[in-house]
1. If every alpha-carbon in region 75-177 counts as one equal scatterer, what log10 I(q)/I(0) does Debye give at q = 0.18, 0.20, 0.24 1/Å?
2. Would you mind ranking TYR388, TYR175 by Cβ crowding within 10 Å, fewest neighbours first?
3. When ranked by the protection proxy of mean other Cβ atoms within 10 Å per residue, highest first, what sequence do the peptides 329-339, 348-358 form?
4. In terms of modelled amide H atoms, which long-range or inter-chain residues lie less than 5 Å from the amide H of GLY90?
5. How are the alpha carbon pair distances in region 136-246 distributed across 10 Å bins from zero to the largest one, expressed in percent?
6. Which whole-Hz couplings ³J(HN,Hα) result when phi for each residue of region 195-209 is put into the Karplus expression 6.51 cos²θ - 1.76 cosθ + 1.60, θ = phi - 60°, listed in order with x for Gly and Pro?
7. Once label points are set 7 Å from the Cα along Cα→Cβ at both THR373 and ARG229, what is their separation, rounded to one decimal in nm?
8. Over region 181-280, what lengths in whole Å, largest first, do the semi-axes of the equivalent ellipsoid take, defined as the square roots of 5 times the eigenvalues of the alpha-carbon gyration tensor?
Amino acid sequence: MKTDTSYTDDSRRSALKKLGLASAAVVTRPILSGFNSAQNGSALSPFGASGRPVRVALLHPDQGAPGAGMVRAGIETFLGSRERLVGRRGIEVNGITIGHGVNRAIAAARRIAKDRSADVVVGMMNPSAARWVRDMFEDGSVPFLAVHAGERIGDRAGSSPYLFQSTLGLWQGAYRAGTWAAKHLGSRCAIASSFVESGFDIGPAFRLAFERAGGTVVHSVVTNARAERLEPRTVVKQIVNAAPDFVLSLHATAADGDFLNAYAASAAACGIPVISIDPRAPLSAGNAPGGGTILSRLRTYTVGVWAPAFAPEESRLFASRFQRNGHGAPNAFALLGYDTANLIDHALLTTGNDVRELAAAFPTMSLASARGTLSVDQEGGTLAGPHYLLSSGIGAQPIALAGDDVEVLASNEIPRRHGWISSYLAA
């Protein structure tokens with residue numbers, strides 16, 4: 001097997017290995033109970049009298065990756081509820097493990113394209129990595145849905161009529177939170193990021209919006225960089241000395257929770273509010289995480305995509321279905337998988353179950369989700385929705401973040417950064 005070419009630089013690759021995120025070989029298998037395995041090597045025929053199920057190839061990281069597992073559980077939950085509906089064409093999902101490197105994703109994509117073994121391909125990879133495989137599917141007129149947290153800004157120059165994104169839009173949420181924070185928390189901000197997340201577009205998007213709204217970043221630090229690993233208490237002391245009005249914490253993929261624990265333990269720091277962005281936190285109650293721990297001492301605002309108060313009926317249905325399937329408390333990734341399967345289902349309904357028309361149908365889709373109303377951006381082909389701030393205060397209500405001015409980030413104002421192929425989904 002060829003040596004994997006990682007999508008990251010050497011230092012970031014080493015950090016990811018320390019987190020236990022080593023790459024795996026390409027493995028094909030049905031990944032969830034109730035999912036059918038596609039027949040290997042069988043050519044696709046246009047939908048007609050055969051009425052065969054729609055074949056979905058799901059490219060995903062290692063089986064044990066928690067974020068990817070939640071996406072798969074969300075897909076399973078939606079398809080399980082869909083089976084009880086009349087008039088739906090069957091959907092079978094074939095899972096293909098691709099590890100975390102671009103080479104394995106390309107190898108899997110090449111095999112699928114050659115065998116014509118899928119009507120739709122869903123790949124857990126960021127938009128930049130998706131560009132490496134899009135041409136293979138475009139040549140075969142097969143839609144490709146890149147599923148990711150939205151930690152990277154998509155390059156519209158690399159768009160395709162067969163390339164779509166299903167995303168949590170974390171960089172959009174960060175941008176909206178930056179605008180809100182300048183108006184409501186103050187004009188001085190400190191940013192503390194893990195080494196892995198320092199390579200994403202989330203922090204720069206927040207900073208750009210914050211500075212556009214008149215704010216100033218008075219201190220910025222990478223808390224666990226290999227070259228200069230600082231003690232958490234030292235980092236906290238630096239932040240306190242900078243006298244910010246609040247702190248942006250980016251530590252969802254960090255192996256250690258040392259920074260926030262040290263921050264909460266500091267009498268000088270715990271009075272300074274914290275904005276965090278962590279899509280893996282369970283949000284079944286719609287509240288910011290940290291209750292019952294030392295983090296409950298902090299005044300926190302978590303940028304999220306799900307606030308049940310804004311879509312109570314859809315939230316109730318989703319949460320009850322997910323937990324009824326034995327998956328426990330859902331998080332944003334579970335909802336991402338659920339909405340991705342819902343998008344495919346709606347497109348099938350729109351086309352009269354004709355898989356040949358799916359690529360034309362996806363850009364017209366609008367969904368009622370537990371996240372709110374989701375729609376596909378016709379220019380960029382991205383399914384996205386609202387963002388909220390979830391406060392830690394007792395009885396605090398979620399805040400809907402305005403979405404104005406996000407489109408300007410299609411420019412080059414944020415420097416190009418190199419994220420990892422699966423990012424949050426595999427951490």
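1. -0.93, -1.07, -1.29
2. TYR388, TYR175
3. Details: 329-339: 25.7, 348-358: 16.7.
The peptides rank, most packed first, as 329-339, 348-358.
4. Amide H neighbours of GLY90: VAL54.
5. 13, 33, 29, 15, 8, 2
6. Those phi angles translate into 4, 4, 6, 5, x, 8, 8, 5, x, x, 5, 4, 4, 4, 5 Hz.
7. The answer from the label model is 5.0 nm.
8. Working: eigenvalues 77, 54, 28 Å².
Here the semi-axes work out to 20, 16, 12 Å.
Read-outs: derived from the displayed coordinates by stated rules, not from any lab. In this text the structure is predicted, and so the values were computed from the model without any measurement. When we count neighbours, we look across all protein chains shown, and the Cβ atoms used for this are built from the backbone with ideal geometry, even at glycine.
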